[in-house]
Amino acid sequence: MAGPQSPILSIQDLKKSYGPVEVLKGISFDVFPRQVVGLLGRSGSGKSTLLRCLNFLEIPNSGRILLENEEVGVDSSQARRRPHPAGVLARQRRQMAMVFQNFNLWPHMTVIENVIEGPVRVLGLSQEEARAGAMRLLRDVGMEHKADQYPIRLSGGQQQRVAIARALAMRPKLMLFDEPTSSLDPELVAEVLRVMRDLAEAGTTMLVVTHEMAFARDVCDRVMLLHEGRLIEAGPPREVMLESQNPIAASFFAGLRGEAAMSEGS
Amino acid sequence: MDYDWNFGILWEYRGMLWQGVLTTMRIVGLSVVLGIVIGMLLTPLRMSDHAILRWPATAIIEVFRSAPPLVLVVWSYYCLPILTGLTLPGYWTSVVAISLYSGVYFAEIFRSGVQAVDRGLIEAAHSVGMSRLLILKRIIIPLAFLRIMPPFTGQCIMAIKNSVLGSYIAVGEILYEGQRLSTHTFRPLEILTFVALFFIFTIMPLSLVAGAIERRVYRRYFRR
Ligand SMILES: Nc1ncnc2c1ncn2[C@@H]1O[C@H](COP(=O)(O)OP(=O)(O)O)[C@@H](O)[C@H]1O
Ligand SMILES: [Mg+2]
């Protein structure tokens with residue numbers, strides 16, 4: 001789906017180094033409203049670093065991140081880059097809620113407490129309001145029956161669904177997913193992907209780092225391939241994943257292309 | 001052994017013994033509270049990104065950790081007045097020395113607790129837009145506290161044991177009063193046995209209860 005409007009998120013020439021090692025070497029792309037964008041690439045290619053730079057969990061060295069035309073983290077319109085006040089950065093962060101590979105639910109809070117923490121403490125909702133909203137979200141992810149459990153009692157798939165509800169509770173403009181199914185046992189992957197598919201169908205704007213090729217192919221409107229800190233391919237999933245002549249893309253998607261060829265042959 | 005036990009002596013001198021028990025409890029209470037305060041002041045300094053803050057805190061911690069607590073008590077009693085011109089009564093000298101000694105240990109315990117909090121949990125808090133203060137209050141401190149319960153209760157128990165050091169500078173806590181009574185009455189067996197049992201019967205239930213709470217906390221929040 002091409003965005004007729006202006007992008008929700010616009011990344012311009014983003015660079016990030018750790019010491020002498022340049023991990024992101026100038027990344028530019030846009031995410032439009034209701035788009036689901038997949039970010040693919042080998043381990044170590046910089047996918048997590050990119051996602052973490054977007055909400056300033058890591059501070060990029062240069063480049064601009066625009067969230068609905070507002071620069072995230074710093075003001076670089078002047079000659080000197082000036083960091084935003086903490087309150088502005090905090091607001092921008094919650095507008096791009098993040099779902100982590102390791103769930104990161106707070107272990108000393110129950111499921112519902114995890115979900116209402118942000119709405120109550122940050123958005124200033126009343127307990128009742130926040131709880132009602134949280135129960136709706138927990139129902140959407142199929143977790144309302146565990147509302148009063150502590151995270152440690154849940155399976156990985158259940159924890160990740162709660163983490164998604166926690167992120168949604170902040171009513172973000174877009175959702176960032178960093179390999180949300182990579183630390184799950186294989187039999188638990190499907191339940192999390194199911195929830196993400198539902199979100200995509202409901203029109204949630206999402207930027208998803210994943211190794212789930214079928215998900216990228218079927219759900220994403222657009223995929224991007226990151227290689228050694230550069231976006232080397234971007235476009236509709238079919239084109240990038242099945243048809244790109246780029247040798248790196250061809251080798252990265254070789255397995256998928258083999259399967260596609262087999263099913264066409266049969 | 002042909003000893004004619006006479007525990008009636010304890011009842012006879014109950015007033016003195018009770019005073020000793022009270023003094024011991026006051027020293028323990030004050031030095032634990034002051035020690036926690038000292039620990040809470042030192043922890044952020046010790047963990048600061050600024051060397052100007054971190055160095056003095058580290059120095060204080062290392063110095064007080066390296067001296068035997070009895071030496072701290074005796075040194076403070078005899079040398080501090082000479083150096084500062086300020087004379088504290090023995091009671092307060094022992095409270096201050098034991099507080100400082102416990103305080104630097106509390107500081108290290110608190111630091112280990114804060115460091116044990118998973119970075120990812122803090123990042124999750126940032127990503128829902130929580131402020132640093134809110135993250136400290138709602139995530140870091142509660143989680144750090146749950147993690148340090150065993151060493152924390154251990155250090156509180158050490159403060160109870162260290163309270164007897166005041167006896168060396170004639171502070172009338174239970175050991176000092178006990179010794180005084182035994183020489184006065186020639187009944188050290190009854191009286192000092194009472195002193196020993198007082199500590200054992202205070203500390204043992206405390207550590208049993210603390211252990212049970214720790215296991216409960218662990219099962220509830222941390223164990224799969
Ligand atoms: N905090 C860090 N300090 C130094 N190097 C890092 C740090 N974080 C990531 N890197 C390096 O950056 C590169 C990209 O890492 P990452 O973004 O995690 O990749 P991906 O998520 O694609 O697997 C890797 O080579 C990694 O070693
Ligand atoms: Mg990664």
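Data for the structure
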{"quantity": "Hey, residue B:80 among the aliphatic types (A, V, I, L, M), open to solvent by 40 Å² or more (accessible area, probe 1.4 Å) and within 22 Å of residue B:195 (Cα to Cα) or not", "calculated": "no"}
{"quantity": "Test: residue in region A:144-152 that is away from ligand 1 (no atom under 16 Å from the Cβ) and over 17 Å from residue A:115 (Cβ atoms)", "calculated": "no"}
{"quantity": "Residue within region B:106-117 that is in contact with a Leu (Cβ under 6 Å, 6 or more places away or on another chain), of a type in the set (D, E, K, R) and either within 25 Å of residue B:5 (Cβ to Cβ) or at pLDDT 95 or above (or both) present", "calculated": "no"}
{"quantity": "Residues located in region B:86-116, provided they are surrounded by fewer than 20 Cβ atoms within 10 Å (Cβ to Cβ) and within 14 Å of chain A (Cβ to nearest Cβ)", "calculated": "B:116"}
{"quantity": "Verdict on residue A:65 being more than 16 Å from ligand 2 (Cβ to nearest atom) and touching a Phe, Trp or Tyr at 6+ places or on another chain (Cβ under 9 Å)", "calculated": "yes"}
{"quantity": "Some residue of region A:38-60 being away from chain B (no Cβ under 13 Å) and of a type in the set (Asp, Glu)", "calculated": "no"}
{"quantity": "Those residues of region B:167-224 which are under 30 Å from residue A:106 (Cα atoms), of a type in the set (Phe, Trp, Tyr) and open to solvent by less than 70 Å² (accessible area, probe 1.4 Å), in sequence order", "calculated": "B:221, B:222"}
{"quantity": "Among the residues listed as A:212, A:179, A:191, A:233, the single one being within 16 Å of ligand 1 (Cβ to nearest atom) and touching a residue at least 40 places away in the same chain (Cβ under 8 Å)", "calculated": "A:179"}
{"quantity": "Flag for residue A:208 being of a type in the set (Val, Ile, Thr) and more than 16 Å from ligand 2 (Cβ to nearest atom)", "calculated": "no"}
{"quantity": "Residue match in region B:64-75 (condition: exposed (fewer than 13 other Cβ atoms within 10 Å of the Cβ) and touching a residue at least 12 places away in the same chain (Cβ under 8 Å))", "calculated": "yes"}
{"quantity": "Selection from region A:132-155 of residues that are assigned to a loop (DSSP other than H, G, I, E, B) and under 22 Å from residue A:197 (Cβ atoms)", "calculated": "A:141, A:142, A:143, A:154, A:155"}
{"quantity": "Selection from region A:167-191 of residues that are within 16 Å of residue A:36 (Cα to Cα) and either open to solvent by 50 Å² or more (accessible area, probe 1.4 Å) or away from chain B (no Cβ under 14 Å) (or both)", "calculated": "A:173"}
{"quantity": "Tally, over region A:158-185, of residues that are assigned to a loop (DSSP other than H, G, I, E, B), in contact with a helix residue (DSSP H, G or I) (Cβ under 7 Å, 6 or more places away or on another chain) and within 16 Å of ligand 2 (Cβ to nearest atom)", "calculated": "4"}
{"quantity": "All helices (runs of 4 or more DSSP H) inside region B:117-162 with 3 or more residues being open to solvent by less than 30 Å² (accessible area, probe 1.4 Å)", "calculated": "B:119-127, B:141-162"}
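The values are calculated or read from the model by the stated rules, or taken from the named source; none is laboratory data. Worth saying up front: this structure is predicted, and the values here are computed from it rather than measured. Positions of Cβ are generated from backbone atoms using ideal geometry, with glycine treated the same way; all protein chains shown enter the neighbour counts. With ligands, DNA and RNA removed, areas are computed over all heavy atoms of the protein, side chains included. Shrake-Rupley method; radii C 1.70, N 1.55, O 1.52, S 1.80 Å.
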